[in-house]
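Everything on this sheet refers to the single structure shown next.
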Amino acid sequence: MKGYITGVIDGEGTIRLKYMKERDLYYPEVIISNSNVDMLIAIQLMLGHEGTIGSQMSMQYGTDWKGRPIKQRKPIRRIYISNRSDVRDLLEQIKDYLVVKIEQAQLVLEFIEVRGNLAYGERSDREAVIFSRMEVLNER
C-alpha cells in the first residue's frame, strides 16, 4: 500500500506549501491528481478517508483519427490533504520510498516542525529558506 501511494504521489502528486493570502500564512498540502475517480476513492480509503476529493476541468490536447489537432475538456480530480497532522503522518510513512519528490517532503516535514514552535503570525529565518527552496522545486 505505501509503495502504491508513494508511486502515485511521486508521479502525479504535489507536495507543497500553499500561501493563503487572506490570512498571510502558509500551510502544507499534498495533492494527488488523476482523471480516474475510482482510483482516487481507492487511495482515499487506503489513507483512512483523509483528504477531500475535488475536481476541475483541464484542457487535453491530441489528435483525432485523421491526425487533426483537437482540444477537449477532461475532468481532473484531486485529493487535497491539508490538515497539518495528516500531511505529517502521510509524509512520514512514505518519505523513505519517494524518489522524485523526496526533497519537497523533507522540506514540508521541516516546515511543520519549525511551525510547531512558533506563535501565530511569527516567522522564522528558516521558514524563509524553506519557502524559497519549495518555489524552485515546484517550478519544474
Burial ordering of ILE102, ILE94, fewest other beta-carbon atoms within 10 Å first: ILE102, ILE94
Tabulate in residue order the Karplus-calculated ³J(HN,Hα) for the range 110-116, using 6.51 cos²θ - 1.76 cosθ + 1.60 with θ = phi - 60°, rounded to whole Hz; enter x for Gly and Pro. 5, 4, 4, 5, 5, 4, x
Please report TYR26, TYR4 as a ranked list, fewest other C-beta atoms within 10 angstrom at the top and most at the bottom. TYR4, TYR26
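Each reported figure results from applying straightforward, stated rules to the coordinates on display, with no laboratory input. Source: prediction; values computed, not measured. Here the Cβ is made from the backbone with ideal geometry for all residues, glycine too, and neighbour counts use every protein chain on show.
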